[in-house]
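See structure below.
All of the numbers you see were taken from the coordinates with simple rules; none came from a lab. These numbers were taken from a predicted model, which means no experiment stands behind them. For neighbour counting, all protein chains shown are included, and Cβ atoms are generated from backbone atoms with ideal geometry for every residue, glycine included.
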Amino acid sequence: MRKFILAANWKMNLTAAEAQDWLNHFTSINPNKNHVEFRLYATSVLLSDLVRTNVLHIGSQNVHPSDSGAYTGEVSIPQLKSIGVQSVLIGHSERRNDFHESANFIKEKVDASCNHSFPFILCCGEDLKTRENGTHLSFIRTQLTSGLSGLENNHVPLLTIAYEPIWAIGTGQTATTAEVTEVHTFIRAVLLEFFGESGTSIPILYGGSVNSSNAASIFACPQVNGGLIGGASLNASNFLELASSL
Ligand code: 13P
């Protein structure tokens, strides 16, 4: 049975000491959920310490497509791998919008991850205007098509998708179960078009204001294989509480 993925995206939060407290708390609660894979996506400066504790899957929030070079402030896949980081987020809306990452640049990151056999979560999701004018599905298809073009079936095990509607991120406004189901079912169909039957094995996560009151209903939607959690992941108990409904 495929494991449900519960992934924390801390974004630019928590100091090294706070991260250690979080891990201590996480370990002491000991969720003992064999059917859940817990992951933590942290800012680069925290990654070495987090990996060393060997408590859960540690991923990076960002990566540069080049292996090395004059890219001040960036981090490469070989560097992440060299300290034991296990995966990376690509195409988060905050990277696309606030840091002006183009579809081409995101595609370069996807290709670099594939070339290095480095697992990645490709994020997609529409803004409010796109949702309101009813073109969200074609918008998401375009993001997926651009990110996934040229990938082969042997890349499928590296791939996870996260659907994060921008209007739901950090706003407290969660997508309804009908909205989640519509988009996740659509994404599954696109993955099947791309990869045939093996597209069924690709996890699709939902993200956007998931909290302890709405987690159970969202996680029960068809084609939801996990969650990517921002605000509610900053406290280990709140984060683990989300798993209690699973
Ligand atoms: P929030 O859970 O804070 O809405 O953030 C979601 C998100 O962007 C996770 O990547």
Aspartates and glutamates with Cα under 17 Å of Lys81, excluding same-chain neighbours fewer than 8 positions away:
Asp49, Asp67, Asp111
List every residue whose amide H lies under 5 Å from the amide H of Glu37, counting only residues 5 or more places away in sequence or on a different chain, with H placed 1.01 Å from N in the peptide plane.
Phe4, Ile5, Leu6
Could you tell me, in Å, what Rg and Dmax come out for the Cα atoms of region 1-57?
11.6, 36
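Report the convex hull volume per residue for the chain, counting only C-alpha atoms, in Å³.
Here the figure is 119 Å³ per residue.
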Rg/Rh for region 47-157 to two decimals, with Rh computed the Kirkwood way over all alpha-carbon pairs.
1.00
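Would you compute, from DSSP H runs of 4+ residues alone, the mean residue ellipticity of the chain at 222 nm, taking -39500 (n - 2.57) per run and dividing by the full residue count, rounded to the nearest 500?
Helix contribution divided over all residues of the chain: -12000 deg cm²/dmol.
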Within the chain: Cβ-based charge dipole about Cα centre, in debye rounded to nearest 20 (Lys, Arg +1; Asp, Glu -1)
320 debye
For peptides 115-124, 144-153, sequence by mean Cβ density within 10 Å, most packed first
115-124, 144-153
Rg in Å to one decimal, and Dmax rounded to a whole Å, for region 143-232 via C-alpha atoms
13.3, 40
